[in-house]
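A.B. asks: Structure below; questions to follow.
Quick note: the coordinates plus some simple rules give every number you see, no bench work behind them. Keep in mind that what you see is a predicted model, and the values were worked out from it rather than measured. For neighbour counting, all protein chains shown are included, and Cβ atoms are generated from backbone atoms with ideal geometry for every residue, glycine included.
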Amino acid sequence: MDADFWDQIERSRTMTGSERITESLRLFDEAASRALVGIKSEFPNISDEDARRIRRQRYDLIRRIESLP
């Protein structure tokens, strides 16, 4: 693990619960945005609505896979 990772761990230890929730939501939003960018690069002419639909389908697939025994 690199130094940045351990710095983030140390910062996380000093965060309040509210700060952790805020950071979690920020990270989720960033990941969701990156997923859309990836989908749009995979399908260059896709509409925003269709890209969000594909993202939802992929999230649903991940949830189904994670719930397998």
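A.B. asks: Want the number for residue 37 to residue 57: 0.36 nm per residue separation, take away the alpha-carbon distance, what's left?
C.D. replies: On the way: separation 20, 0.36 × 20 = 7.20 nm, distance 1.55 nm.
Full extension from residue 37 to residue 57 adds 5.7 nm.
A.B. asks: Also, I was wondering about something else. Any chance you could give the angle, 0 to 90 degrees and rounded to 10, that helix 17-42 forms with the longest Cα principal axis of the chain?
C.D. replies: It works out to around 30 degrees.
A.B. asks: I need the P(r) histogram for segment 4-53: all alpha carbon pairs, bin width 10 Å from 0 out to the longest distance, whole percents.
C.D. replies: The calculated distribution, bin by bin, is 24, 33, 21, 20, 2.
A.B. asks: With labels modelled as points extended 7 Å from the Cα through the Cβ direction, what inter-label distance (nm, one decimal) is found for residue 18 paired with residue 30?
C.D. replies: Between residue 18 and residue 30, the label points sit 2.2 nm apart.
A.B. asks: Relative to the present Cα-Cα distance, how much length would full extension add between residue 68 and residue 7 at 0.36 nm per residue of separation? List each step's numbers first, then the result.
C.D. replies: Working: separation 61, 0.36 × 61 = 21.96 nm, distance 3.47 nm.
Extra length available between residue 68 and residue 7 comes to 18.5 nm.
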